[in-house]
Amino acid sequence: MVVVEQALHNLETFPLLAREVWRQARGGSGPAVAMWGNGRTCDKEVGPLLQTAKRVLTRQAKWFFAYTAGGADHVAAQGFPRDRITVVRNATDTTALAEARKRVTDEQVAEFSSRHGLVPGRTGLYLGRFHTTKRIPFLLEAVAHIVKRMPEFKLLVAGDGECRSLIEASAARGEGVVYLGPVHDERRALLGAASQLMLMPGMVGLCAVDSFALRTPVMTAAWAYRSPESAEYLDHGRNSLVVEGGPEEYAEAVVKTLSSPRLMTRLKGGCASDADRYTVEGMSARFTEGVAGLLEARFPLTSSG
């Protein structure tokens, strides 16, 4: 079997699927082809022609591994057999991250906070790529509004990407941004422990499951392009907050949330309760079940075994 990404730009997919179609129609050998993906395009507008092409391409696969239940529903609604879809519940290695978070000590947080001039209860975190879909200009404008209302607030920013110059410029001007560069592995746990909210006004992606492991609730913004993880893992008011409006409204929501111990306690509790729901171990187990289902569909056992 071969598992390919559900994407039109992967040209090697076309001959594989053509061979699969020929095998089903005429017999013959060749690998079974499965697809892996969101089920639908989430980060940009897609015209009807590309939508049709993606639907036709997807329906030629023998099996579909959907990131989330919503993606599975979309693929099934487009005509793909429901009994050949596996929802893997996309995740990263949050088990290791959660364990690292538990090992962070109060002394480590105090030393880190002192080094960067952080005030307890007044710290946000941005973690991830600096891609245009992350809405970095929106984030920086919101931080400027937050600092006007809450001067002691600071945003820790960890990552890299094409919008890095905007982050560096804001940090150099002293606008409440502390740029830490790319951060990996256990150091993310220290950032989560030192922060109260994860500010992600754009595409959230797998930062959603990171926020659960770190017990650092996501605050995102309502807009047209929401990743499946953002739409389906985040539960407004329980483990995260989704804010309507522009940077000023977003900033006001951050200030109100940080000023409400009861709300912060509820959101952190929601993160803790969901941390074990989205793990790479669980995703791997579900993927394995899907592989077994595909192999059984392709090579059904006879009564003699």
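Every condition in (1) open to solvent by less than 10 Å² (accessible area, probe 1.4 Å); (2) over 17 Å from F112 (Cβ atoms); (3) touching a residue at least 24 places away in the same chain (Cβ under 8 Å) is met by A189 except one, and the failing one is (2). With respect to the conditions (1) in a loop (DSSP other than H, G, I, E, B); (2) modelled with pLDDT of 95 or more, I146 lacks only one, and its number is (1).
Comparison of S195, S227 shows that the only residue that is touching a residue at least 40 places away in the same chain (Cβ under 8 Å), farther than 23 Å from M264 by Cα and among the polar types (S, T, N, Q) is S227. Assessment of region 42-54 against the conditions (assigned to a helix (DSSP H, G or I), in contact with a Lys or Arg (Cβ under 9 Å, 6 or more places away or on another chain) and within 23 Å of M283 (Cα to Cα)) yields no matching residue.
Of all residues in region 193-209, how many are under 12 Å from S240 (Cβ atoms) and not small (G, A, S)? Can you show your working first?
Narrowing region 193-209 to residues under 12 Å from S240 (Cβ atoms): 197-200, 204, 207-209.
Next, only the ones that are not small (G, A, S) stay: 197-200, 204, 207, 209.
Within region 193-209, residues that are under 12 Å from S240 (Cβ atoms) and not small (G, A, S) number 7.
If the condition is being on the phi < 0 side of the Ramachandran plot and touching a residue at least 60 places away in the same chain (Cβ under 8 Å), then region 84-95 contributes R84, T86, V87, V88, N90, A91, T92, D93, T94, T95.
Would you confirm whether any residue within region 111-120 is under 22 Å from L263 (Cα atoms), modelled with pLDDT under 95 and either touching a helix residue (DSSP H, G or I) at 6+ places or on another chain (Cβ under 6 Å) or of a type outside the set (S, T, Y) (or both)? For region 111-120, residues under 22 Å from L263 (Cα atoms), modelled with pLDDT under 95 and either touching a helix residue (DSSP H, G or I) at 6+ places or on another chain (Cβ under 6 Å) or of a type outside the set (S, T, Y) (or both): present.
Taking region 21-50 as the region of interest, how many residues are surrounded by 17 or more Cβ atoms within 10 Å (Cβ to Cβ), modelled with pLDDT of 70 or more and out of contact with any Phe, Trp or Tyr (no Cβ under 6 Å at 6 or more places or on another chain)?
Qualifying residue count, region 21-50: 5.
Starting from residues that are in contact with a strand residue (DSSP E or B) (Cβ under 8 Å, 6 or more places away or on another chain) and within 16 Å of T288 (Cα to Cα), keep the ones in region 69-94 and report whichever is surrounded by the fewest Cβ atoms within 10 Å (Cβ to Cβ). Ranking the qualifying residues of region 69-94, first place goes to R84.
Of the set (1) at pLDDT below 95; (2) within 26 Å of the chain's Cα centre (by Cα); (3) open to solvent by 80 Å² or more (accessible area, probe 1.4 Å), all apply to S304 but (2). Only one residue in R286, R277 is under 21 Å from D73 (Cα atoms), out of contact with any Gly (no Cβ under 8 Å at 6 or more places or on another chain), at pLDDT below 95 and open to solvent by 50 Å² or more (accessible area, probe 1.4 Å), so which one is that? Only one candidate passes the filter, namely R277. Can you find, within region 111-125, the residue that is surrounded by the most Cβ atoms within 10 Å (Cβ to Cβ) among those that are on the phi < 0 side of the Ramachandran plot and part of a loop (DSSP other than H, G, I, E, B)? Here the answer is L118.
The number of residues in region 216-273 that are hydroxyl-bearing (S, T, Y), closer than 30 Å to A66 by Cα and open to solvent by 20 Å² or more (accessible area, probe 1.4 Å) comes to 2.
Determine, yes or no, whether E99 is more than 26 Å from F299 (Cα to Cα), part of a helix (DSSP H, G or I), at pLDDT 95 or above and not small (G, A, S). No.
Scanning region 174-200 for residues that are outside any loop (DSSP other than H, G, I, E, B), touching a helix residue (DSSP H, G or I) at 6+ places or on another chain (Cβ under 7 Å) and closer than 17 Å to A110 by Cα returns V178, R188, A189, L190, G192, A193, A194. State yes or no: is V291 in contact with a Lys or Arg (Cβ under 9 Å, 6 or more places away or on another chain), under 29 Å from F65 (Cα atoms) and outside any strand (DSSP E or B)? Taking the combined requirement at face value, the residue does not satisfy it.
The values are calculated or read from the model by the stated rules, or taken from the named source; none is laboratory data. All values derive from a computational prediction rather than experimental measurement. No Cβ is skipped: glycine too gets one built from the backbone with ideal geometry, and neighbour counts run over all protein chains shown. Protein only, heavy atoms only, side chains kept; ligands, DNA and RNA dropped before computing areas. Shrake-Rupley method; radii C 1.70, N 1.55, O 1.52, S 1.80 Å.
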